[in-house]
Amino acid sequence: MNFEDSGLYRDITDFAHDTPMWVQHGAGVWTEAGLLVFVALFAIAWWRARRDTPHAFAIAALAPLATAVAYVCSEVLKSAVTEERPCRAVAGVAASLAECPPRGDWSFPSNHATIAGTAAVALALVRRALLWLTAPLALLMAFSRVFVGVHYPHDVVAGLGLGTLVALIAVRLGTGPATRLARAMRTSSAPAVRWFTGPGTAPVTSYGSHARR
């Protein structure tokens, strides 16, 4: 596949080499460790959803599952498109800040951007206010892949788009069955299953006028 963003890739990587070393090091750390931030957010969303409705718990449980599905879709596309990495294909470009992946580890779309896009949208569907956190994190993750030199801009844009699409479809199709499953698991006789799904919403106590005399 041929795209007209080699120049933009070159501009971004040249800019990366002009930044201070601490910025370059930070980008190198974030481009990999940032995925762990989304894993932590998945865990927090699941823990909070244990005391929420079965519907809310279902979406929280679907978020990491949707991300895994998006990753598989990204890998399938990579194998079909077989686009070489820009750190190897673009002539005369500055050396990538991150190690250029080996041949056969294709560039389009970006797995990291796909995972970040799916996680950002799925977590926002769990709790809408999270979008203010997850969207900037996903965009920063996508940009970092170009910044360190291992992806073209179109790779990360495609990854974010693919991740968003998979998240919306997975939650749309899976929420009903997952909600019914969560409701059944909360009444299971197995303590481990009940612990995993949590007790759900606490009953509201109505005091009325039963004041002690």
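Among (1) 167; (2) 147; (3) 115, find the value of volume of the Cα convex hull per residue in Å³ that was calculated from the structure presented, and write down its label.
The calculated read-out lines up with (1).
Roughly what angle does helix 21-49 make with the longest principal axis of the chain, taking Cα atoms, 0 to 90 degrees, to the nearest 10?
Here the helix axis deviates by roughly 20 degrees.
Is the shape of the range 1-84 best called rounded, prolate or oblate, per the rule: a/c under 1.5 gives rounded, else a/b larger than b/c gives prolate, else oblate, with a ≥ b ≥ c the square roots of the Cα gyration tensor eigenvalues? Show your work: numbers first, answer last.
Working: a/c = 3.77, a/b = 1.62, b/c = 2.33.
It is oblate, given that a/c is not under 1.5 and a/b is not larger than b/c.
Please determine, in degrees from 0 to 90 and to the nearest 10, the orientation of helix 131-147 with respect to the longest principal axis defined by the Cα atoms of the chain, where the helix direction is its Cα long axis.
Approximately 20 degrees, to the nearest ten.
Where does the chain land at 222 nm, in deg cm²/dmol rounded to the nearest 500, when only DSSP H runs of n ≥ 4 count, each adding -39500 (n - 2.57), divided by all residues?
Values: 8 runs with 147 residues, N = 213.
Theoretical 222 nm ellipticity from helices: -23500 deg cm²/dmol.
Where does each of 29-40, 58-69, 122-133, 141-152 land if you order them by average Cβ count within 10 Å, highest first? The partial results should precede the final answer.
Values: 29-40: 15.0, 58-69: 22.2, 122-133: 18.0, 141-152: 25.2.
Peptide ranking by packing, descending: 141-152, 58-69, 122-133, 29-40.
Can you give the net charge of the other residues whose Cβ lies under 10 Å from the Cβ of residue 86, counting K and R as +1 and D and E as -1? Kindly include the intermediate steps, with their values, before the conclusion.
On the way: positive: 10, 85, 88; negative: 5, 83, 84, 155.
Within the 10 Å Cβ shell, the charges total -1.
Using alpha carbons only, how many degrees (0 to 90, rounded to 10) separate the axis of helix 54-81 from the longest principal axis of the chain?
So the helix axis and the longest Cα principal axis differ by about 20 degrees.
With a sphere of radius 14 Å drawn around the Cβ of residue 112, what net charge do the other residues whose Cβ falls strictly inside it have (Lys, Arg +1; Asp, Glu -1)?
On the way: positive: 78, 85, 145; negative: 32, 75, 105, 155.
Result for the local shell: -1.
Enumerate the calculated ³J(HN,Hα) couplings along the range 151-165 in order (Karplus 6.51 cos²θ - 1.76 cosθ + 1.60, θ = phi - 60°), each rounded to whole Hz, writing x wherever the residue is Gly or Pro.
9, 6, x, 5, 5, 6, 5, 5, x, 4, x, 4, x, 4, 4
Mind listing the lone cysteines of the chain, meaning no other Cys beta-carbon sits under 4.7 Å from theirs?
73, each lacking another Cys Cβ under 4.7 Å.
Can you give me the solvent accessible area of residue 169 with a 1.4 Å probe, rounded to the nearest 10 Å²?
Approximately 90 Å² for this residue.
Give me the dipole magnitude in Debye, nearest 20, for the chain about the Cα centre, with unit charges on the beta carbon: positive for Lys and Arg, negative for Asp and Glu. Working shown, then result.
On the way: 18 positive and 13 negative charges, 383 e Å.
Once rounded to the nearest 20, the dipole reads 1840 debye.
Taking Cα centroids, how far is the range 98-115 from the range 8-51 in Å?
15 Å
The values are calculated or read from the model by the stated rules, or taken from the named source; none is laboratory data. Being a predicted model, the structure only gives us computed values, none of them experimental. FYI the Cβ positions are ideal-geometry reconstructions off the backbone, even for glycines, and counts take in every protein chain you see. Surface areas here come from the heavy atoms of the whole protein model, side chains and all, with no ligands, DNA or RNA. Shrake-Rupley method; radii C 1.70, N 1.55, O 1.52, S 1.80 Å.
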